[in-house]
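Working notes, beginning with the structure itself.
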Amino acid sequence: MKIKYTWKHLDRSEAAETYSNEKLERVTKFVQKVISCDVTFESIHGEIHANLNLNADGNHFNAHNQNKDIYVCIDGLEDKILSQVSKLHDKKSHH
């Protein structure tokens, strides 16, 4: 899955992008076709705000998390997006 990263008021971190790629790879278990995946990291008043927009299988998913630690933000994004995607996957499999 190809992920587009945007960094606002932060220096780009290769380690954070690699960590995010590993975490978000789990999403592909629940979706067939990923159209786009955009992750934005922004520093606001000393906190990091992370936003994830995912277009897959004709649906749009969005997750937002904020924390002082970027890795905690990424873990939160993963939890939220997996929850949304798995709910839709369960709905589709029951029909």
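Derivation of every value follows stated rules applied to the coordinates shown; laboratory data play no part. As the structure is a computational prediction, the values presented were derived from the model and not from experiment. For neighbour counting, all protein chains shown are included, and Cβ atoms are generated from backbone atoms with ideal geometry for every residue, glycine included.
In the chain, the longest principal axis of the Cα atoms and the axis of helix 14-24 are about 20 degrees apart. Placing a pseudo-label 7 Å from each Cα along the Cα-to-Cβ vector at Asp90 and His9 gives an inter-label distance of 3.7 nm.
In what order do Leu10, Leu82 fall by count of nearby beta-carbon atoms within 10 Å, going from fewest to most? Intermediate results must be reported in sequence, preceding the final value.
Numbers: Leu10 13, Leu82 19.
Fewest-to-most ranking of Leu10, Leu82: Leu10, Leu82.
Listed from fewest to most Cβ neighbours within 10 Å, the set Cys37, Cys73 follows the order Cys37, Cys73.
Tell me which trypsin sites (Lys or Arg not before Pro) from segment 55-95 have a DSSP coil assignment and no more than 12 other beta carbons within 10 Å of their own.
Working: sites: Lys68, Lys80, Lys87, Lys91, Lys92; in loops: Lys68.
Hits after loop and neighbour filter: Lys68.
What size of dipole, in debye to the nearest 20, comes out for the chain about its Cα centre when the only charges are +1 on Lys and Arg C-beta atoms and -1 on Asp and Glu C-beta atoms? Could the numbers behind the result be given before it?
Working: 13 positive and 14 negative charges, 93 e Å.
Value, rounded to 20: 440 debye.
Among Lys4, Lys23, which comes first, then next, by fewest other beta-carbon atoms within 10 Å?
Details: Lys4 10, Lys23 17.
Least to most surrounded, the residues fall as Lys4, Lys23.
For segment 4-93, the Kirkwood hydrodynamic radius comes to 13.3 Å, computed from all pairs of different C-alpha atoms.
Taking amide H as placed 1.01 Å from N in the peptide plane, the amide H of Leu10 sits under 5 Å from that of Ser43, each at least 5 places away or on another chain.
Label sites at Lys80 and Arg26, each approximated as a point 7 angstrom past Cα along Cα to Cβ, lie 1.6 nm apart.
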